[in-house]
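Report on the following structure.
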Amino acid sequence: MIRELTKDDKDIFISMVKEFYTSDAVLYSIPEENIVNTFNEAIKDSPYVKIYIMEEEKGIAGYGQISLSYSNEAGGLVVWLEEIYIREDFRGLGLGGKFLDFVKNEFSADAKRFRLEISESNMDAKRLYIRNGYETLDYLQMVCDIK
């Protein structure tokens, strides 16, 4: 089952994000304050971020976070798959693919593009995304963080 995040999910969400940000899926960790800010933004029904919880019979299996933006290049709404995290005990059950299908079903009526980023070391994720129709976009990503 995939459902939207609720206030009751705060502790498990924070725990899973911490696990995600210490994995090979990302390049560096983030402060807990950022995680709490993201949780608070999603809970207030933000138009920018949505977080979904994946559940199996044995418990909470993971989460997925998306962000919404508009792109001239794509000609409309872009759904950014910001984070997909499956807890170790639930890996190999096809949950990543189910989450990708869920997001496409939820947003395909309005979205022109689904986009994500991966670290080069995360080859399992890359294979999953290729199987689901994603292809490499050869842009060099740059950021300017405001402190």
### In the range 21-81, trypsin sites (Lys or Arg not before Pro) in a DSSP loop with at most 11 other beta-carbon atoms within 10 Å
44, 58
### Message
Please state the shape class of the range 29-113: rounded when a/c is under 1.5, otherwise prolate if a/b exceeds b/c and oblate if not, all from the C-alpha gyration tensor.
### Response
oblate
### Query
What does the helix-only formula give at 222 nm for the chain: each DSSP H stretch with n ≥ 4 adding -39500 (n - 2.57), the total divided by the residues, and the result rounded to the nearest 500 deg cm²/dmol?
-9500 deg cm²/dmol
## Note on the structure
Output ordering of 111-117, 3-9 (per-residue mean of other Cβ within 10 Å, highest first) is 111-117, 3-9
### Query
Dipole size in debye (nearest 20) for the chain around its Cα centre, Lys and Arg Cβ +1, Asp and Glu Cβ -1?
300 debye
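No lab work stands behind these numbers, since they all come straight from the coordinates. These figures come from a predicted structure and were not determined experimentally. Glycine also receives a Cβ, built like all others from the backbone with ideal geometry; neighbour counts cover every protein chain displayed.
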